[in-house]
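Below is one structure, written out as structure tokens; the observations come after it.
The values are calculated or read from the model by the stated rules, or taken from the named source; none is laboratory data. If you're wondering where the values come from, they're calculated on a predicted model, not measured in any experiment. With ideal geometry, Cβ positions are generated from the backbone for all residues, glycine too; neighbour counts draw on all protein chains shown. Side chains included, ligands, DNA and RNA excluded: accessible areas come from the protein's heavy atoms. Shrake-Rupley method; radii C 1.70, N 1.55, O 1.52, S 1.80 Å.
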Amino acid sequence: MTDRFIYLLETYFENQLKPEELKEFNKLLDSDPVLKNEFEQQKRVKEVLKKMSLKNPSSEVWDNYWTIRHNRIERFVSWFLFIAGAMFLVGYGIVKGVESFIADDHSPFILKFGIAVFVIGLLLLGFSILREKLTIAKSDKYKEIQR
Amino acid sequence: MRKKEYSTNHLTKKEEMEFALLVKENMKRAYFSALGILGNHDLAMEVSQEAFLKAMNHFDKFDRSKKFFTWYYKILRNLSLNKIRDEKNRKQVELLEIKKYSVSENDLAVNFEKDETAALIEEALMKLEPNDREILILKEFENYSYKEIAELLELPLGSVMSRLFYARKKLAKALEGVEL
């Protein structure tokens with residue numbers, strides 16, 4: 001299909017053809033059945049689409065459209081405060097727990113040793129898993145796939 | 001993880017009001033343009049809003065002598081195409097897992113007035129590549145001029161005409177055998 005034919009066809013649909021272009025376009029259609037078929041096909045598609053419209057969402061949807069901005073800012077700030085607060089509380093709890101654990105004279109040494117080894121092991125395990133996750137996340141080619 | 005910025009601190013009260021007005025003026029065509037690319041109501045809403053948020057955060061880079069929608073459309077288009085890529089990856093897995101593809105109530109069918117013909121056309125439209133669907137929606141449903149489409153898609157006028165012609169041709173092919 002030549003660019004010229006496409007230009008004439010599209011301009012024809014827009015009713016913007018100059019008289020001499022219209023003449024040229026009609027001549028092309030009359031002389032070439034393939035072009036005539038193309039024209040009929042394009043015209044048919046345009047007519048079919050003209051009968052259709054995109055459904056407009058309800059007015060409530062539009063009324064609330066931009067409130068999303070406030071929702072997102074609120075959520076972002078809420079999550080940030082929640083996580084920061086939780087981290088602070090957990091951190092404080094750990095420090096206090098360790099302090100009282102060390103200061104506790106009543107528990108036997110073997111129990112203290114066992115708990116200390118257990119906690120260190122748990123922390124190392126958590127660190128290892130976290131590091132693995134972060135390393136894999138960077139290089140995993142299947143990361144888009146939901147597991 | 002994609003960085004999301006929701007701060008509006010850099011905008012003055014006046015700019016915020018100006019931006020809110022721009023959203024109001026452009027939200028419908030933003031939604032319909034996104035719908036043209038994505039073919040899904042929920043995604044079109046989500047992406048068009050996300051694009052406005054992004055535009056707001058970079059509002060200082062917007063050249064006021066140019067049309068807002070042309071600038072915004074580039075953001076919208078990029079986000080929509082990213083969304084399609086993400087959704088494609090997700091759907092591939094869904095297909096492998098459940099061995100069937102179910103059409104969501106939110107898909108383009110609901111966005112056309114529901115009748116059989118609309119459903120058939122919608123199905124054919126959804127068979128097209130997003131680029132073809134996008135240009136058809138812009139021209140045939142949103143009634144943009146060739147010049148406006150050329151500006152939005154950053155294409156020469158001749159390419160817009162040519163892409164429209166071939167998109168209609170593909171749609172005609174997808175509608176083959178359908179009694180309309």
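For this structure, a couple of remarks:
- Qualifying residue in the range A:56-73 (condition: in contact with a helix residue (DSSP H, G or I) (Cβ under 7 Å, 6 or more places away or on another chain), more than 14 Å from every other protein chain (Cβ to nearest Cβ) and not acidic (Asp, Glu)): no
- Any hit, the range A:84-101, residues being at pLDDT below 90 and touching a strand residue (DSSP E or B) at 6+ places or on another chain (Cβ under 8 Å): no
- Considering (1) more than 7 Å from every other protein chain (Cβ to nearest Cβ); (2) touching a helix residue (DSSP H, G or I) at 6+ places or on another chain (Cβ under 8 Å); (3) not small (Gly, Ala, Ser), the lone condition that A:Gln41 does not fulfil carries the number (1).
- Taking the criterion of being open to solvent by 70 Å² or more (accessible area, probe 1.4 Å) and of a type outside the set (D, E, K, R), the residues of the range A:1-15 that qualify are A:Met1, A:Thr2, A:Tyr7, A:Tyr12, A:Asn15.
- Reported count of residues in the range B:105-149, each being over 22 Å from B:Met45 (Cβ atoms) and either modelled with pLDDT under 80 or among the aromatic types (Phe, Trp, Tyr) (or both), is 4.
- Number of the exception - A:Gly121 against (1) open to solvent by 90 Å² or more (accessible area, probe 1.4 Å); (2) modelled with pLDDT of 85 or more: (1)
- Taking the criterion of being closer than 30 Å to B:Leu53 by Cβ and either open to solvent by less than 70 Å² (accessible area, probe 1.4 Å) or of a type in the set (Lys, Arg) (or both), the residues of the range A:81-113 that qualify are A:Ala84, A:Gly85, A:Ala86.
- Of all residues assigned to the range A:104-113, none qualifies as being under 27 Å from B:Ala44 (Cβ atoms) and in contact with a helix residue (DSSP H, G or I) (Cβ under 9 Å, 6 or more places away or on another chain).
- Candidates A:Ser78, A:Ser53: the one that is more than 22 Å from B:Ser48 (Cβ to Cβ), free of Cβ contacts under 8 Å to residues at least 60 places away in the same chain and either open to solvent by less than 80 Å² (accessible area, probe 1.4 Å) or within 10 Å of chain B (Cβ to nearest Cβ) (or both) is A:Ser78.
- Complete set of residues in the range A:13-35 that are over 13 Å from B:Leu164 (Cβ atoms) and in contact (Cβ under 8 Å) with a residue 24 or more places away in the chain: A:Leu35
- Residues of the range B:48-57 satisfying the condition of being modelled with pLDDT of 90 or more and open to solvent by 10 Å² or more (accessible area, probe 1.4 Å): B:Gln49, B:Glu50, B:Lys54
- Failed item in (1) within 9 Å of another protein chain (Cβ to nearest Cβ); (2) in contact (Cβ under 8 Å) with a residue 12 or more places away in the chain, with A:Phe101 passing the rest: (1)
- Residue within the range A:16-33 that is more than 30 Å from B:Val178 (Cβ to Cβ), open to solvent by less than 70 Å² (accessible area, probe 1.4 Å) and under 33 Å from the mean Cα position of the chain (by Cα) present: no
- Annotation note: of B:Ala172, B:Ala167, the sole residue that is touching an Asp or Glu at 6+ places or on another chain (Cβ under 6 Å) and under 23 Å from A:Thr2 (Cα atoms) is B:Ala167.
- Filter result (within 12 Å of chain A (Cβ to nearest Cβ) and assigned to a loop (DSSP other than H, G, I, E, B)) within the range B:129-167: B:Glu142, B:Asn143, B:Tyr144, B:Ser145, B:Pro156
- Every test in (1) open to solvent by less than 60 Å² (accessible area, probe 1.4 Å); (2) at pLDDT 90 or above; (3) farther than 30 Å from B:Leu136 by Cβ is passed by A:Lys46 save one, and that test is (3).
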